[in-house]
Amino acid sequence: MKNVIDLSKRLNKQAKRQNPGVAADESDGAVIDMTEKRNEILVQERRQVRRTILSEFIGAMALVPQKGLVKVTMYDISEDGVAFDVEDKVGHFLVGEEVAMRLYLNHQTYFPFIVRIQNIRGVDEERTFRHGANFVKGTINDLALHHFVKFIESVSASLKTDSGDLMVSNLTR
């Protein structure tokens, strides 16, 4: 026990200075690991940025045989696969099913790829079915998809949220 530092006396003195009317035992003397807190915040920010860019930046469709294209909302993307939502009124795919998908870069330009559904769960609050799917390797556009995912990952690390910055028009010198 020679290597243990007892902080209780220092915390008690500090608590008395900060809150003179409160007994030392009643003050909050908890030590917070800032590294852990920082990592939690970074993980949360990363998730929010990734979800935001995928839900608002990328248009996506799934091809349903005998029905045509169904709009899906991209939820998350990684090197191995994608998560996407389908409105519950449309229905859902089946686990193990291979689905042809399209990522739209604008209203007319897209690149196709194929996924295999790994899991499905209902998201009641959003009235959707969330599908987790792996990219089917060795099919159309493997290389383009790989580079696209890398692009999303690198850009998402430095994205900023526009909080309604003012815009000025008709500037004159």
Ignoring ligands, DNA and RNA, please state the percent of accessible area on segment 86-173 from carbon and sulfur, probe 1.4 Å. 52
If each K or R counts +1 and each D or E counts -1, the residues other than Phe113 whose Cβ falls under 12 Å of its Cβ total +1
Give me the accessible area per residue for segment 112-173, probe 1.4 Å, as a whole number in Å². 76
Extension reserve of the Leu63-Ser154 stretch, reckoned as 0.36 nm per residue once the Cα distance is removed: 29.9 nm
To the nearest 10 Å², what's Ser154's accessible area with a 1.4 Å probe? 70
List, in order, the whole-Hz ³J(HN,Hα) value for each residue of segment 73-80 obtained from phi through the Karplus relation with A = 6.51, B = -1.76, C = 1.60 and θ = phi - 60°; use x for Gly and Pro. 10, 5, 9, 7, 9, 9, 4, 9
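The values are calculated or read from the model by the stated rules, or taken from the named source; none is laboratory data. Predicted, not measured: the structure shown is a model, and the values here were computed from it. Note that each Cβ is placed from the backbone with ideal geometry, even for glycine, and that neighbours are counted across all protein chains shown. Side chains included, ligands, DNA and RNA excluded: accessible areas come from the protein's heavy atoms. Shrake-Rupley method; radii C 1.70, N 1.55, O 1.52, S 1.80 Å.
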